[in-house]
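Colleague: The structure is given below, and queries will be raised subsequently.
The values are calculated or read from the model by the stated rules, or taken from the named source; none is laboratory data. In this text the structure is predicted, and so the values were computed from the model without any measurement. Positions of Cβ are backbone-derived with ideal geometry, glycine not excepted, and every protein chain shown enters the neighbour counts. The accessibility values were calculated without ligands, DNA or RNA, using every heavy atom of the protein model including side chains. Shrake-Rupley method; radii C 1.70, N 1.55, O 1.52, S 1.80 Å.
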Amino acid sequence: MRCRLLFAGMIEFLLLFALSIPVSGVENLDRGLVALEREDGSVFLGWRLLDADTEDVAFLITRRSSEAGTNQSALLTKGRPYRLTNFVDKSLEKGAGGKTYIYELYKYSKNRSRRSERLGEVAITLTGRAKSYISIPLKGDYDFQKVGISDLDGDGAYEFIIKQPNFNSDPYQKPGYWKPSTTTYKLEAYRLDGTMMWRYDMGWSIEAGIWYSPWIVYDVDANGRAEVYCKAGVGDPRDEKGLVQTGPEYLVKIDGQTGEVVAETAWLSRDGFSDYNRYCRNFLTVAYLDGRTPSLIMQRGTYNLIKTQALDKDFNQIWYWEAPQEPRNYRGQGSHGLVTADVDQDGKDELVIGAAVLDDNGKGLWTLEMGHPDVCYVADIDPDNRGLEVFYGFERRQETDGICVVGARSGRKLWAHKKPTRHIHAQGMVGYILADWPGMEVYSGERDYQERWLYSAKGRLIEFRKKGTLSPRPVWWDADAQKEVVVSRGIRDWGAEAMQLIEGRVIAVVDCLGDHREEVITSLKGELRIYTTTIAASDRRVCLMQDHQYRLGVVAQTMGYYYPAQLGK
């Protein structure tokens, strides 16, 4: 009898353990193989290491010319098995400009009698000029505001979905903020080779502003192909001023292959909000609330009343939450985005809505009751503190603690800026950028005063500046362990000269191609550019998009403010 009880207990434990593991890495990704010409005439190759790869996985690279009658391939990775996920081909003959080469990537096999598994190929035509980016031409002379990244057709390669044009109107009814829409937003899907798959017009019921038009792209229905979800309405309900204050509102599901609307459900209502500015703040993201399957999360409200609803893939309600139902103050605690993270380490995702957290069951987990933060990141900032931390910078005036780091599990403050702050603004930064300081550095600054602070993970002031950007974008770019930053059209080490110049407005920093380092996506008139590193590196790491929290951080970047995604482990 005792043995049976022990066995039953073990089975129950194993089931609970299995249910507590989030399904990260569910995408069937290809190797994201890229080839770029370097200044010295060599060719840089980069590709993905995947979650499913075992420790002993190694690679082979071959090269052949595309000239007629040339089928012979040269093996470039001779000798012992090649374990890295980037390679520089320096064996090209001089004066190879104009020639096209095809590189093939194989999985290494110790069994020489068995053909190695082919993982992908990429072609490159040499020009004699270094080029560190891939260009996707758009179907018009416009720029774009947001980019979503997902596999729409199930072939393992990412597509790029944009929202254009880059026009923004803020609901705040003060001169310089709200302005009438001059056009409608369009969502457009492109393959990496420049093929446009479809265009969806959001229509005049959605004013052209970030807060009116939340959208995401992700495979919520788990059929191997991503869908697009966005807020929608009917017809043209604008009043004589150009405001949309009436009419039905929906969440719609768009087929990722065709761009056609295939399902809809009601959006959260305007009821209970005090004014237009407050009810026009809308959010949308994805969370694995049960640790196994993705759910859709809708939210309305930031500064006072907040409504949040969780839906399954068929738009059935999982739970509904409003700030007033909590005994403590959750009203007005919203940020300018939503962060999905397992803050209590129970294997299920929570929602960091700003200065408060909702548990996976739709109940309040904790609130700081400090009001609205502009800066809000969840990451393993301090490696000495158990679990994750949240870095905040508060827009609301604070006598103290307006910049702080708290434990993500409990909301307990680990350290705080002890001087008054008036309006910490924009997105700030969190990232491991300085080798001399353990953990991640955090950065934020005042909107109306030239004050910028860079703190260590432990809360020690590293640097105070009287000028500079409020939102440097950290990026893994070169061959060391630290991140670089994108500032003033250049990628650079903190405080150093640019090592890579870029053109266009920075839209996203994300690991979407090549090895585990990140790409910088920019918008130019009529063009989407993907800058990717050509620096050889000697480390080997699974691509970042297979980190659960990072992947869902990328999902959330198409609504609200842009917050760079952070790793959950």
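Here's the yes/no breakdown for (1) open to solvent by less than 60 Å² (accessible area, probe 1.4 Å); (2) farther than 24 Å from LEU192 by Cα; (3) hydrophobic (A, V, I, L, M, F, W, C):
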position: ARG31; (1), (2), (3): yes, no, no
position: PHE44; (1), (2), (3): yes, no, yes
position: ARG80; (1), (2), (3): no, yes, no
position: ILE102; (1), (2), (3): yes, no, yes
position: TYR108; (1), (2), (3): no, yes, no
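Colleague: Then there's this: Could you please tell me which pairs satisfy a Cβ distance under 7 Å, a separation of 6+ or placement on different chains, a first residue in segment 373-395 that is in contact (Cβ under 8 Å) with a residue 40 or more places away in the chain, and a second residue that is outside any strand (DSSP E or B) and among the hydroxyl-bearing types (Ser, Thr, Tyr)?
Modeller: Listed by first residue and then by second, the contacts come to TYR377/TYR563.
Colleague: Condition check: open to solvent by less than 10 Å² (accessible area, probe 1.4 Å), part of a strand (DSSP E or B), among the β-branched types (Val, Ile, Thr) and closer than 16 Å to VAL220 by Cβ. Does ILE297 satisfy that?
Modeller: Details: open to solvent by less than 10 Å² (accessible area, probe 1.4 Å): yes; part of a strand (DSSP E or B): yes; among the β-branched types (Val, Ile, Thr): yes; closer than 16 Å to VAL220 by Cβ: yes.
Here the answer is yes, as ILE297 does meet what is asked.
Colleague: Which condition breaks for ALA263 when tested against (1) among the small types (Gly, Ala, Ser); (2) in a loop (DSSP other than H, G, I, E, B); (3) surrounded by fewer than 20 Cβ atoms within 10 Å (Cβ to Cβ)?
Modeller: (2)
Each row is one residue, and each column tells you yes or no for (1) closer than 29 Å to TYR212 by Cα; (2) of a type in the set (Lys, Arg).
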residue	(1), (2)
VAL520	yes, no
GLU527	yes, no
THR533	no, no
ALA537	no, no
ARG541	no, yes
MET545	yes, no
LEU552	yes, no
TYR563	yes, no
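Colleague: Can we say ASP201 is in contact with a Ser or Thr (Cβ under 8 Å, 6 or more places away or on another chain) and surrounded by fewer than 14 Cβ atoms within 10 Å (Cβ to Cβ)?
Modeller: yes
Colleague: Got a sec? Which strands (runs of 3 or more DSSP E) wholly within segment 372-461 have at least 3 residues that are open to solvent by 10 Å² or more (accessible area, probe 1.4 Å), hydrophobic (A, V, I, L, M, F, W, C) and within 28 Å of ALA481 (Cα to Cα)?
Modeller: Values: elements: 373-379, 389-394, 403-407, 413-416, 429-431, 441-445, 452-455.
Here the list reads 413-416.
Colleague: Is it true that some residue in segment 74-89 is among the small types (Gly, Ala, Ser), under 14 Å from ILE124 (Cβ atoms) and part of a strand (DSSP E or B)?
Modeller: no
Colleague: Of the conditions (1) under 27 Å from ASN28 (Cα atoms); (2) open to solvent by less than 20 Å² (accessible area, probe 1.4 Å); (3) outside any strand (DSSP E or B), ARG225 clears all except one; give me its number.
Modeller: (2)
Colleague: Take segment 462-478 and flag every residue that is crowded, with 19+ Cβ neighbours inside 10 Å and aliphatic (A, V, I, L, M).
Modeller: Result: LEU470, VAL475.
Colleague: Continuing with this model, one more query. Search segment 228-242 for residues being touching a residue at least 60 places away in the same chain (Cβ under 8 Å) and not aromatic (Phe, Trp, Tyr), and hand back the single one that is surrounded by the fewest Cβ atoms within 10 Å (Cβ to Cβ).
Modeller: Once the filter is applied, the top-ranked residue is LYS241.
Colleague: For segment 367-398, which residues satisfy the criterion of being touching a Ser or Thr at 6+ places or on another chain (Cβ under 7 Å) and within 10 Å of GLN333 (Cβ to Cβ)?
Modeller: Listed by number, the residues that qualify are HIS372, PRO373.
Colleague: Looking at segment 274-294, which of its residues are of a type in the set (Val, Ile, Thr) and open to solvent by 10 Å² or more (accessible area, probe 1.4 Å)? Working first, answer last.
Modeller: Here is the first cut: in segment 274-294, the ones of a type in the set (Val, Ile, Thr) are 285-286, 293.
If the condition is that a residue be of a type in the set (Val, Ile, Thr) and open to solvent by 10 Å² or more (accessible area, probe 1.4 Å), then THR293 is the only one that fits.
Colleague: Quick one: is VAL520 over 27 Å from ALA416 (Cα atoms) and modelled with pLDDT of 95 or more?
Modeller: The answer is yes for VAL520.
Colleague: Among the residues of segment 211-222, what is the count of those that are of a type in the set (Val, Ile, Thr) and surrounded by 23 or more Cβ atoms within 10 Å (Cβ to Cβ)?
Modeller: Here the count works out to 2.
Colleague: Which ones in segment 126-139 are exposed (fewer than 14 other Cβ atoms within 10 Å of the Cβ) and at pLDDT 95 or above?
Modeller: Within segment 126-139, SER135, PRO137, LYS139 qualify.
Colleague: Applying the selection to segment 512-530, what residues are of a type in the set (Asp, Glu) and over 21 Å from VAL542 (Cβ atoms)?
Modeller: Residues of segment 512-530 that are of a type in the set (Asp, Glu), as a first pass: 515, 518-519, 527.
Once the filter is applied, which keeps residues that are of a type in the set (Asp, Glu) and over 21 Å from VAL542 (Cβ atoms), segment 512-530 yields only GLU527.
Colleague: If you don't mind, there's one more thing I want to ask. Pull up segment 314-342, narrow it to residues that are of a type in the set (Ser, Thr, Tyr) and assigned to a strand (DSSP E or B), then point me to the one that is surrounded by the fewest Cβ atoms within 10 Å (Cβ to Cβ). Even if it seems obvious, please write down each step before you answer.
Modeller: As a first pass, look at segment 314-342 and keep what is of a type in the set (Ser, Thr, Tyr): 320, 330, 335, 340.
Then drop every residue that is not assigned to a strand (DSSP E or B), which leaves 320, 335, 340.
Numbers: TYR320: 14, SER335: 26, THR340: 27.
Top of the filtered list is TYR320.
Colleague: For segment 80-91, state whether one or more residues are over 21 Å from LEU36 (Cβ atoms) and without any contact (Cβ under 8 Å) to a residue 60 or more places away in the chain.
Modeller: Yes - at least one qualifying residue is present in segment 80-91.
Colleague: Does SER471 count as within 20 Å of the chain's Cα centre (by Cα) and assigned to a strand (DSSP E or B)? Spell out the reasoning first.
Modeller: Values: within 20 Å of the chain's Cα centre (by Cα): yes; assigned to a strand (DSSP E or B): no.
So SER471 fails the test.
Residue-by-condition table, conditions (1) at pLDDT below 95; (2) crowded, with 18+ Cβ neighbours inside 10 Å; (3) touching a Pro at 6+ places or on another chain (Cβ under 9 Å); (4) closer than 26 Å to ILE216 by Cβ:
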| site | (1), (2), (3), (4) |
| --- | --- |
| GLU497 | no, no, no, no |
| GLN500 | no, yes, no, no |
| THR532 | no, yes, no, yes |
| GLN546 | no, yes, no, yes |
| ARG551 | no, yes, no, yes |
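Colleague: Right, next: Which of (1) closer than 15 Å to GLU159 by Cα; (2) among the β-branched types (Val, Ile, Thr); (3) open to solvent by 10 Å² or more (accessible area, probe 1.4 Å) is the odd one out, the single condition VAL506 does not satisfy?
Modeller: It is condition (1) that VAL506 fails.
Colleague: Oh, and also: Please state which of the following conditions GLN557 fails to meet, knowing it meets all the rest: (1) open to solvent by less than 40 Å² (accessible area, probe 1.4 Å); (2) out of contact with any helix residue (DSSP H, G or I) (no Cβ under 7 Å at 6 or more places or on another chain); (3) not in a helix (DSSP H, G or I).
Modeller: Here GLN557 meets the rest and fails (3).
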